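Let me begin by presenting the structure, written as structure tokens, before commenting on it.
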Amino acid sequence: MHHNARADPGGHTGVAGIVEQAVAVLRTDPARAELLLRQALSRGAGLPATDLARLSSLVVTAVAARGGPDRELADAALAAALRWEAISPPDAAHHRALAARILHRQGQHAAAADLFATVLPARDLPYRPPEIALLHEQYGWSLRALGRYTDAAGQFEAGAGLVADGAEYRELHADLSADARTARLFTTGGPSTMNPR
């Protein structure tokens, strides 16, 4: 879930000015926007929690826009998730899912699996079924990398179930179903290799 709304610092006019500057350059100079947003967060301890959460989401946007390292983007997403936790569970889940996907991509499968476990099943995720199916797929591959083949198969099957009725998702459904079957072979001494996408 993307947040373009500006925080309204009320009487914190200094912070308000910093936020205005950050929003103005977010697209053209995301690195500067990130610095300004972090400055606003450091000075805005007295702001309402929702404003701080929105600022944290904007930091995530800025880090992504400047092409920051995956680790920095994951850290920013987790920081935003903490801000949103008590305010908006869907926003918190979205940011945790983003961090999980980044860690999965980095090959940090234990950390990724721990995060995926907090957002799946997707009671709070503001995503469509095929997007959630892809999260199950990535979770499954992280579990497979950890040697948890039965759990991995379960995630592939859960993802396949989400797209079973959509003709436009036949290929995704077939891939997930095949991944589930192959993962289950590992529990019976089957193939020794799998090639994650």
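So that you can scan it fast, the table gives a plain yes or no per residue for (1) part of a helix (DSSP H, G or I); (2) surrounded by fewer than 18 Cβ atoms within 10 Å (Cβ to Cβ); (3) free of Cβ contacts under 8 Å to residues at least 12 places away in the same chain:
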site: 105; (1), (2), (3): yes, yes, no
site: 110; (1), (2), (3): yes, yes, no
site: 113; (1), (2), (3): yes, no, no
site: 135; (1), (2), (3): yes, no, no
site: 141; (1), (2), (3): yes, no, no
site: 153; (1), (2), (3): yes, no, no
site: 164; (1), (2), (3): no, yes, yes
site: 173; (1), (2), (3): yes, no, no
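Matching residues to (1) within 19 Å of residue 120 (Cα to Cα); (2) in the same structural domain as residue 142 (by TED's automatic domain parsing); (3) not acidic (Asp, Glu):
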position	(1), (2), (3)
59	no, no, yes
67	no, no, yes
72	no, no, no
77	yes, no, yes
80	yes, no, yes
98	yes, no, yes
101	yes, no, yes
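Candidates are the residues of segment 144-166 that are more than 10 Å from residue 133 (Cα to Cα) and among the charged types (D, E, K, R); the one that is modelled with the lowest pLDDT is 165.
A quick yes/no check of all residues on (1) among the polar types (S, T, N, Q); (2) more than 12 Å from the chain's Cα centre (by Cα):
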site	(1), (2)
39	yes, yes
45	no, yes
68	no, yes
99	no, no
112	no, no
116	no, no
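In summary, residue 169 fulfils each of the numbered conditions (1) farther than 15 Å from residue 97 by Cβ; (2) at pLDDT 95 or above with the single exception of condition (2). If you check residue 146 against the conditions, is it surrounded by fewer than 16 Cβ atoms within 10 Å (Cβ to Cβ), touching a residue at least 12 places away in the same chain (Cβ under 8 Å) and assigned by TED's automatic domain parsing to the domain that holds residue 172? Judged against the criteria, residue 146 is a match.
The values are calculated or read from the model by the stated rules, or taken from the named source; none is laboratory data. Note that the coordinates shown come from a computational prediction; the quantities given were computed from them, not determined experimentally. When we count neighbours, we look across all protein chains shown, and the Cβ atoms used for this are built from the backbone with ideal geometry, even at glycine.
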